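The values are calculated or read from the model by the stated rules, or taken from the named source; none is laboratory data. Just so it is clear, the structure is predicted and the values come from calculations on it, not from any experiment. No Cβ is skipped: glycine too gets one built from the backbone with ideal geometry, and neighbour counts run over all protein chains shown.
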Amino acid sequence: MSRLIRAVIDTNALRHNLSVIRARARGAKVIAVVKANAYGHGLVSAALALQGADAYAVARLEEALALRAAGIGTRILLLQGVFTAAQLEDAAHERLDLVVHDASQIELLERTGGADRFAVWIKIDSGMHRLGFAPEEFAAALTRLRRLTPAPSELRLMTHLACANERDEPVTRAQLQRFRDATRGLDYEISIANSAGLFGEVALGCHWVRPGIALYGASPFTDCSAASLGLEPVMTLTSSVIALRRVPRGDSVGYGGAWAAPRESLVAIVAAGYGDGVHRSLVSGTPVLVGGQRAALAGRVSMDMLAVDVTGLENVQVGTPVVLWGAGLPVDEVAHHAGTIAYELLCGISQRVPLELK
Ligand SMILES: *Cc1c(COP(=O)(O)O)cnc(C)c1O
C-alpha cells in the first residue's frame with residue numbers, strides 16, 4: 001500500500017494512437033509533440049514508445065537535451081526556438097531544428113553565424129496572435145534568413161491554428177487563407193495541423209502534421225469522444241480506497257460541507273487529491289471508477305484525499321482499486337466536470353505521482 005496513487009502509462013496505446021494518426025495524416029510526416037513532459041506521460045519513455053514518429057517537438061531546450069541524452073537521434077523541433085547565443089550553441093551541438101518566430105531570433109542568427117547547422121521553421125502568425133511573423137512581416141523575415149551566409153540547411157514554413165477544435169470555424173478558414181496568401185509561390189515544406197486540424201481534416205495535404213493530445217488518447221474536440229476517433233487512453237490515474245464510512249442522511253462530507261448525504265450513504269475515502277494533480281475544481285458528481293464500477297465524487301477534493309459516494313456498489317472495501325481517469329473513464333469526461341480540458345489534467349499530475357510503464 002506504499003504506492004497508492006500512480007499513473008499507469010500504456011505504451012502500446014501510445015503506439016496504437018500514433019498508427020491511427022499516421023493513417024489520418026495521409027502521407028504527411030508526423031511530428032510527435034512531447035512538450036510538458038509528454039503531456040504528463042514522461043518525456044523520455046513516451047518518446048521512446050513513439051519512435052515511429054518522423055520528428056519530435058518540444059517547447060524548451062532542456063526537454064530536447066533530455067531526449068538527446070537518452071540517445072534519441074530523431075529530428076527535434078524547438079517550438080519556441082532559442083533566445084540566447086548559449087542556447088543557440090546547445091541547439092547546434094545537439095542538431096535541433098529551430099522555430100524562428102521573432103526578429104530577435106533572426107538577429108541572433110545573423111550575429112552568431114553558422115546558420116547552416118540548423119533546419120529553420122519560420123512561423124507565420126496567421127491569426128492566433130501568439131507567436132510568429134505577421135503576414136506583412138513574413139517576406140522581410142524570409143529575405144533576411146535567406147541572406148544568412150552560410151544559409152540555414154533547410155527552410156520550412158509553419159503556422160498554428162487557434163480554433164481548429166471547433167468544426168467549420170470561420171477563424172480557421174481565415175487563418176488558412178492568410179497563410180496561403182503570405183506563402184503563395186514559395187516552394188517550401190509546410191506544417192499547419194495540430195491534433196484538431198488533423199482529425200478535423202483541416203490543412204491536410206501539408207508535408208508535416210504536429211499532433212499532441214491525440215497521441216495521448218484524448219479528443220481534440222468537445223463534441224466527439226477519443227474512442228470514436230479510434231484513440232485509446234494512455235494514462236490511467238489510479239489509486240485505492242483507504243477508508244469506508246457510513247454517513248447518516250443529511251450529514252456532510254469533507255471541507256466546507258460541500259456534499260450532504262441525500263440518504264444514508266456509504267462513502268469511500270480515496271488516496272488522491274489536488275496534491276497529486278486531481279483538481280479541486282472537480283465537482284460533486286464527477287465520475288470515478290471504484291472497483292470498475294462508476295460512482296460519483298462527493299464533496300471537495302482535499303490535498304491527499306477525496307471522497308466517493310459508493311452507496312449500493314458491490315464489493316467495495318479498503319484496498320479496492322480506483323480509477324480517476326484513463327481506461328474505462330475518459331479523461332475528457334472528467335476534465336469537463338472541472339471546467340477544463342484533458343491537456344491540463346494530464347500535464348498537471350504532480351511530481352509525486354509515480355509513472356508506471358505498462
Ligand atoms: C502544443 C502544440 C501542438 C500540439 O497540439 P495538440 O492540440 O495537442 O495536438 C502543435 N503545434 C504547436 C505549435 C503546439 O504548441
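In this entry, ALA151 passes the filter for residues that are on the phi < 0 side of the Ramachandran plot, in a loop (DSSP other than H, G, I, E, B) and surrounded by fewer than 22 Cβ atoms within 10 Å (Cβ to Cβ).
So, ALA59, is that one away from the ligand (no atom under 16 Å from the Cβ), modelled with pLDDT of 95 or more and on the phi < 0 side of the Ramachandran plot or not? Break it down into steps so the answer makes sense when it comes.
Values: away from the ligand (no atom under 16 Å from the Cβ): no; modelled with pLDDT of 95 or more: yes; on the phi < 0 side of the Ramachandran plot: yes.
So ALA59 fails the test.
Here the condition is being within 16 Å of the ligand (Cβ to nearest atom), over 26 Å from GLY217 (Cα atoms), of a type outside the set (S, T, N, Q) and touching a Leu at 6+ places or on another chain (Cβ under 8 Å); of ASP102, ASP90, it holds for ASP102 alone.
Set side by side, the residues ALA7, ALA92, ALA57 differ, and just one is part of a helix (DSSP H, G or I) and either among the small types (Gly, Ala, Ser) or surrounded by fewer than 18 Cβ atoms within 10 Å (Cβ to Cβ) (or both), which is ALA92. Within region 266-298, the set of residues being surrounded by fewer than 22 Cβ atoms within 10 Å (Cβ to Cβ) and more than 18 Å from ALA327 (Cα to Cα) comprises LEU266, ILE269, ALA271, GLY273, TYR274, GLY275, HIS279, ARG280, SER281, VAL283, SER284, GLY285.
SER191 falls short on exactly one of the conditions (1) within 16 Å of the ligand (Cβ to nearest atom); (2) within 30 Å of GLY299 (Cα to Cα); (3) surrounded by 21 or more Cβ atoms within 10 Å (Cβ to Cβ), and that condition is (2).
What about GLY205, is it outside the structural domain of ASN165 (by TED's automatic domain parsing) and more than 14 Å from the ligand (Cβ to nearest atom)? Judged against the criteria, GLY205 is not a match.
Yes/no per residue for (1) hydrophobic (A, V, I, L, M, F, W, C); (2) in contact with a Cys (Cβ under 7 Å, 6 or more places away or on another chain); (3) outside the structural domain of ILE122 (by TED's automatic domain parsing):
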| site | (1), (2), (3) |
| --- | --- |
| ALA162 | yes, no, no |
| PRO170 | no, no, no |
| ARG173 | no, no, no |
| ARG180 | no, no, no |
| ALA193 | yes, yes, no |
| PRO211 | no, no, no |
| LEU215 | yes, no, no |
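For region 120-148, residues that are aliphatic (A, V, I, L, M), within 16 Å of the ligand (Cβ to nearest atom) and either outside the structural domain of ASP97 (by TED's automatic domain parsing) or outside any loop (DSSP other than H, G, I, E, B) (or both) total 3.
I need a count of the residues in region 230-265 that are part of a loop (DSSP other than H, G, I, E, B), surrounded by fewer than 19 Cβ atoms within 10 Å (Cβ to Cβ) and at pLDDT below 95. Final tally of qualifying residues: 1.
Could you please let me know if ILE21 is modelled with pLDDT of 95 or more, in a helix (DSSP H, G or I) and within 15 Å of the ligand (Cβ to nearest atom)? Here the answer is yes, as ILE21 does meet what is asked.
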